[in-house]
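Below is one structure, written out as structure tokens, with a few remarks after it.
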Amino acid sequence: TPCDKVSWTLNGKNIGDTIGNDGLKVQFGGPGKYEVCMYVTRSDDNGVLCEDRYCETVVIDQWCPGVPDPNGGIGATGDFASSYPNPATESLRIRLQGDDVPGQVSVSILDLSGQRAQYNNDLLVENSEVQLSVNSIQNGMYLVRIEGANGFSAQTKFVKLKE
């Protein structure tokens, strides 16, 4: 009910309060085991308080490729990539983010079976973006791996559709 006060904890630390059925976004710190609890306090029409607690254990085995890690980047690195337009028809732009985005990168495009569909070496990075043609690859979903100097490594994915 709207008069319920809900306090939320993550591993015993208060992370916020909500009222009624309002939700709360929780950002986990990476792979690990977490206990998320909600403490509900309700008062009835006579002012009598009722309190209850519900906890759930959340286990994150690994960070998914292409999903930003709240500690920065993909997995343990501080590098991140996103691609657009998605789906792509003729060309794909890849936006790179990280502490040290290199001036040139190598890009591997892999199909879902892990086979390399396209490889581009020494692509110029301009304004933290790389553009490449995907006109010659077949329709489907692809994983893009980007590597550059100083250990820069990031991944993204996209769907290829022919017009």
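Worth pointing out:
- Just one of the numbered conditions (1) surrounded by fewer than 13 Cβ atoms within 10 Å (Cβ to Cβ); (2) modelled with pLDDT of 70 or more is not true of N21: (2).
- Take the conditions (1) in contact (Cβ under 8 Å) with a residue 40 or more places away in the chain; (2) more than 27 Å from G32 (Cβ to Cβ); R95 misses just one of them, which is (1).
- Hits in the stretch 73-104 - residues which are over 15 Å from V159 (Cα atoms), in a loop (DSSP other than H, G, I, E, B) and either touching a strand residue (DSSP E or B) at 6+ places or on another chain (Cβ under 8 Å) or at pLDDT 70 or above (or both): G73, I74, T77, D79, G98, D99, D100, V101, P102, G103
- Screening the candidates V144, V105 for the property of being in contact with a Lys or Arg (Cβ under 7 Å, 6 or more places away or on another chain) and crowded, with 20+ Cβ neighbours inside 10 Å yields one hit, V144.
- Some residue of the stretch 132-143 being more than 16 Å from G114 (Cβ to Cβ), under 20 Å from the mean Cα position of the chain (by Cα), at pLDDT below 90 and not basic (K, R): no
- Test: residue in the stretch 105-126 that is among the acidic types (D, E), out of contact with any Gly (no Cβ under 9 Å at 6 or more places or on another chain) and closer than 13 Å to S82 by Cα: no
The values are calculated or read from the model by the stated rules, or taken from the named source; none is laboratory data. Keep in mind that what you see is a predicted model, and the values were worked out from it rather than measured. In this analysis, Cβ positions are derived from the backbone assuming ideal geometry, glycine residues included, and neighbour counts consider all displayed protein chains.
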